[in-house]
Each structure stands twice: as structure tokens, then as C-alpha cells.
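A quick write-up on the structure given underneath.
The values are calculated or read from the model by the stated rules, or taken from the named source; none is laboratory data. Computed from a predicted structure; not experimentally measured. Cβ atoms come from the backbone with ideal geometry, glycine included; neighbour counts cover every protein chain shown.
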Amino acid sequence: MKAWLWVVLAVVLGPSPAFAISDSDLKAALSQRFTGDRTGACVAAGVIDNGTVATAYVCADPKTARPYDEHTAFEIGSVTKTMTAALLAELIATHDIALDDPIAKLLPPGTSVPSFNGHEITIGEIVTHTSGLPAILPDYHPPDPKNPYAGATERDLLDTLAAIKLTREPGSKWEYSNPAMIVLSYALAKRAGKDYETLLREHLLGPLGMNETYVATRPPQVHLAQGHYPNGEAAPPWDFHPDMAGVGGVRATLADMLRYMEGELGTRDSAITPALALTQQEVTDVDKHRMGINWFLSVVNRHTIALHEGATGGYSSFAGFDRDAKRAVVLLSDTSLVTLGGLGQLGFRLLDTSRSTGAPHIAMDADAKLIDALVGKYRLQGGLGIELRHKDSGLTIQADGQNEFEMGYDSAGDFYPRKFDAVLRPRRKADGSYGFTWFQGGGAVEAKRIDPPPAATSRWMPTDTQLQDYVGLYPLTPNFGLRIFVADGGLNVQGTNQRPVKLAPVEQDIFVAEQVGAEIDFARDAGDKIVALTLKQRGQVLKGERQQGTTAEPANR
């Protein structure tokens, strides 16, 4: 869902052919993405294609396959928000409630809700993440960080809501907010006089036949998959206050999630069907985030795709569908994959064949030169100091006042602590030096070096003749490639349907587009001719061979 990635923009190309996917096709796609993945994740998947259903189950390490069956449930995390949206939409359809009403109208009388210059937060702003409420509950410190919502009480919510000071006009900016959805979950439960699970079962789960989906009351035949952190260690399930579970508390089997998708497609008719359709209608488009009622919307080949990802401490999920094409995808993992990019790329690929499936993140040794370049002292935005050090042939990390941890490295170009869930993603700069981005807990923070970098070797500056060696077309996927050409005395790159970007040489055959966080490494054959390139950008690595007989003349812009 990151629109700045070149590879994402392949979706604006010509129509993808319709396809009927089989169980074996689906298993092959899962295997391509996960076999050998360093997380050891197991993934259950289902695809609906115009009434035909395919399912598959794959583990990154076949030797550690878990004993899951059709009654195995997974935490779906924030995909729960789309179910909460359905409850709201039904309320809108049957009562005197509208999206432009203040959220206070749904809350118990006397509840203190922040406003900005007299602008009250509306229900529509809550469900499109434009309310101005923060990304996490401020000043809430969970008793157990591994089960962060378990200790949150009604008093915590009301006190926090009353204390929040909005810093901008509601509706003016997009910012994903879990607290906003906790407020909505609480409001719906209080208005109904029933806990969230009861409300959900009566209005959505029951009508759709989702009899193995639950929040806290597990059906006797259902067993919950053991969740895992990306290092393979077991992770505890997450628990929620009975009235606040609408933010991410649902657990569901694959079969039930496919029933949910049939409901969203309109092919499983029930009393909730009109409300599901209402959630899919566009409500707002702010900061390039098109939103229905808690559904992210994306136009692909003139079709609107609705999607949502989810994650808890030990699980990841994806649900998406193209109502016009009658196609839907569900992915459920027993491992949290947030720091590895989640399940969105694979989910989108199963909805649209022009997309890349992605590749497994395979543990490997880091290049010694990369480690040498990274070793040093840094400060994260927010002030935390971090030092990276050599240890044997690897890298360690130590934050101020904390223990030192060994780092692994993977084929996506990321370092990761072996003992907890985070990612350190190196970023090559135009001057040849390195910085990095730190990913943890769903956030991304840039690091600034605070000690002198290693002495740099003199930069390689190609001649005009040498620049011509790289010119050409390099397909990366069936519908997306890079055009390399010379303009204004330097090398430039242009992705399919993209604007050109200047490349800076940092070493022979290595160029950087710092403004888009990309590095391009060229490869030569035995005759010293450029024959391929590798694009490294924001945790993705794509390789493409140079097309023969192409000159890469400037394209129309």
C-alpha cells in the first residue's frame, strides 16, 4: 500500500486477464513467497474466483509444518475493523445516524471528546483515519507489552480521550489510528447495551454462517493456531476489553473468512448484505488514501479493489476483494510479518496477476564492506542513541541503557535483531555513505549518524562513454520494467509509467537514487558487458535482464 514504490505502480497498466486459480496454483504462489523465509511462518490462503474457491497451506520450513486443519483459527488483527465497519453501516441504514454526525452522538452522554477550533470529530473521520486522534493511546503503558490491550480499561479510554489535544482540523490529514477504532467499538457496544462479541455474532457472524469466528468465547471444535514472532519464538494471543475488541480482537478460521468475503462480494446473501455494500463506497480521499468505511480502496484496471491488512503480536492477515470481478483473497499467517512488509504484496498479487508475488526473506551473511560502512553511533528521531558494532563477521546493536543484541541479515538487504522483532534497513546515500531506517512496532524511524563515518574511498565518476554501457531496457516483472538512459550528463532511470529520476554513481556499476530510496546494481558477463541489474528499494529486491537490441530512447512524458 505504499504508493511510492516503483513496483506498486505496475497496477496502472492494461487489464489483467481473468484467471481461474487451482489449489496447486495457490500453493505454488505461497511457496514462491515463503519457502525458506527466515520467519518460519505458516500461511493459510483462500481465493474466490467467480464462485470457484481454491485453498492452500504452506510453511516456510516444511519440516516444521504445524498440525492445522479446517477448524484452526488465526487472529486477524485489524481486519476486524472492517467487521466493525459493517456494524456501523447497519446502524446508519436503520437509525438516524450519518457519517457526518459527531462521534459524540454514538457515545454515552457526557463523554468528553476533543475538538479543534469548534470542529467536532465526525463518525466518518473516525472510520477513514482522518479524525486527528493519534496512532496509539498516549500515556497508556500496558502492564504486559506482549499483550498490550489486555490491561486497557473503560476508565483508561475515557480519561485518555478527554485528555487528547488535537493538533489539526479533523479531516485535514490521514493518520492510521487504533484509538479512533477503539472509540468506535466502545460506542457501538455501549449504544447496543451488549459486548462487542455478542453484537458481532448477532449482526454479522450469525447471518453469514461464520460459526467458528469469535473474540473471547471459542467454539468447542475450534483451536487457535499458536502465534509466533518473526524469530520463530512463540507469541501469546492478544486480549481486549469486551467493548473495545472492534479494533483488532477477532479470531477466525480460513473457511469463515471466505464466507465473509462471499458476503462482501454479494454472493452470500444475508441481512447484513446491504451494510457490507455500504462499507465499500468511497467516503474520502485524503493524502492519497482512498477510504471506504474502514476499507482501503485502490483502482486497478478500472476496477475498485477493497483491502485491509491486520497483525497482532504473533499473527498477520490480509483480506481483499474485487466486487466487479467476483474475486477475493484471504491470507492468514501464524507469524507476525509487520516488519517484513506484511501480506499485502502477496494478497494484491493474487487479486491482480500483473503484480509481483514477492520473495522469501532468506537468512544469509552480510557483505563485510556493508558492515564496515554501518558501524558507528547514531541517534533516532526522538533522541534514542544507538551504536552498531562489529562482532566476529557480523553486526551488533545496542541502544542507550539497553543490552547489546546480535543482528542477522537477509536476502531483502535487511538486518534484524535475533532476539526481538525489528528491522534495520540500510539506505545508501548519493555520496556513497550509509544511513538506516529502524522499523519496530509498526513504526519507521530514521537514524542520523552522530560520529564521523568511515573514511570513504574516492568516488567513481564514469565517463560519457562508460555511461552508455548501462543504457537499455530491463524488465523486472511481466508488466513492469526500468528504462536506463543518459540525459543532462548523467544516468537516469524511468520505471514503467513513472517520471524519470536521476542516478548518482557511488561505485563502479552501482548507482543510487537517494530521493526515492533506491539502489541499482548492474551486472556484467564474462565479456565485461552489462547484462542485468538489481533494484533494491524499501525492502524489495527485483532483478531484470537487459533486453537485447534496445536503445532506451526517451519516452513520451
Of the residues in segment 518-547, how many are out of contact with any strand residue (DSSP E or B) (no Cβ under 9 Å at 6 or more places or on another chain) and in a strand (DSSP E or B)?
1
Which numbered condition T267 misses (of (1) within 16 Å of the chain's Cα centre (by Cα); (2) part of a loop (DSSP other than H, G, I, E, B); (3) surrounded by fewer than 24 Cβ atoms within 10 Å (Cβ to Cβ))
(1)
Would it be correct to say that A252 is at pLDDT 95 or above, among the aliphatic types (A, V, I, L, M), under 23 Å from the mean Cα position of the chain (by Cα) and not in a loop (DSSP other than H, G, I, E, B)?
yes
What number of residues in segment 181-197 are surrounded by 14 or more Cβ atoms within 10 Å (Cβ to Cβ) and out of contact with any Asp or Glu (no Cβ under 8 Å at 6 or more places or on another chain)?
9
Step by step: first the residues of segment 142-177, then only those that are over 25 Å from the mean Cα position of the chain (by Cα) and free of Cβ contacts under 8 Å to residues at least 12 places away in the same chain, then the one that is farthest from T284 (Cα to Cα). Which residue is that?
P143
Residue tally, condition within 15 Å of I76 (Cα to Cα) and part of a loop (DSSP other than H, G, I, E, B), over segment 230-243:
5
Out of all the residues in segment 244-276, which are under 30 Å from P145 (Cβ atoms) and out of contact with any Asp or Glu (no Cβ under 6 Å at 6 or more places or on another chain)?
M244, A245, G246, V247, G248, G249, V250, A252, L254, M257
Would you check if there is a residue in segment 322-332 being aliphatic (A, V, I, L, M), in the same structural domain as R66 (by TED's automatic domain parsing), under 24 Å from G132 (Cβ atoms) and buried (at least 20 other Cβ atoms within 10 Å of the Cβ)?
no
Taking Q537 and the conditions (1) modelled with pLDDT of 95 or more; (2) closer than 23 Å to F436 by Cβ, which numbered condition does it fall short on, given that it satisfies the others?
(1)
In the set A73, A150, A104, A135, which member is out of contact with any strand residue (DSSP E or B) (no Cβ under 9 Å at 6 or more places or on another chain) and hydrophobic (A, V, I, L, M, F, W, C)?
A150
Per the filter on segment 399-440, residues in contact (Cβ under 8 Å) with a residue 60 or more places away in the chain, within 18 Å of the chain's Cα centre (by Cα) and under 24 Å from P452 (Cβ atoms) are R425
Within segment 462-501, track down each residue that is among the charged types (D, E, K, R) and either in a loop (DSSP other than H, G, I, E, B) or buried (at least 16 other Cβ atoms within 10 Å of the Cβ) (or both).
D469, R483, D488, R499
Kindly check whether there is at least one residue in segment 443-454 that is in contact with a Pro (Cβ under 6 Å, 6 or more places away or on another chain) and part of a strand (DSSP E or B).
no
Applying the selection to segment 193-217, what residues are assigned to a helix (DSSP H, G or I) and out of contact with any Pro (no Cβ under 8 Å at 6 or more places or on another chain)?
T198, L199, L200, R201, E202, H203, L204, L205, G206, P207, L208
Index of the failed condition, P143 passing every other in (1) outside any helix (DSSP H, G or I); (2) modelled with pLDDT of 90 or more; (3) closer than 24 Å to P236 by Cα
(2)
Can you name every residue in segment 252-297 that is of a type in the set (S, T, N, Q) and at positive phi?
N294
Can you name every residue in segment 369-390 that is surrounded by 12 or more Cβ atoms within 10 Å (Cβ to Cβ) and without any contact (Cβ under 8 Å) to a residue 60 or more places away in the chain?
I371, L384, E387, L388, R389, H390
Sole miss for K190 among (1) touching a residue at least 24 places away in the same chain (Cβ under 8 Å); (2) assigned to a loop (DSSP other than H, G, I, E, B) is condition (2)
Scan segment 209-245 for residues that are among the aliphatic types (A, V, I, L, M) and in contact with a Cys (Cβ under 9 Å, 6 or more places away or on another chain) and jot them down.
A225
Checking V338 against (1) among the hydrophobic types (A, V, I, L, M, F, W, C); (2) modelled with pLDDT under 95; (3) under 24 Å from N50 (Cα atoms), which test does it fail?
(3)
Filtering segment 404-436 for residues that are assigned to a strand (DSSP E or B) and either touching a helix residue (DSSP H, G or I) at 6+ places or on another chain (Cβ under 9 Å) or over 17 Å from G342 (Cα atoms) (or both) leaves a count of 18
Does segment 340-353 contain any residue that is over 18 Å from K27 (Cα atoms), under 23 Å from the mean Cα position of the chain (by Cα) and surrounded by 24 or more Cβ atoms within 10 Å (Cβ to Cβ)?
yes
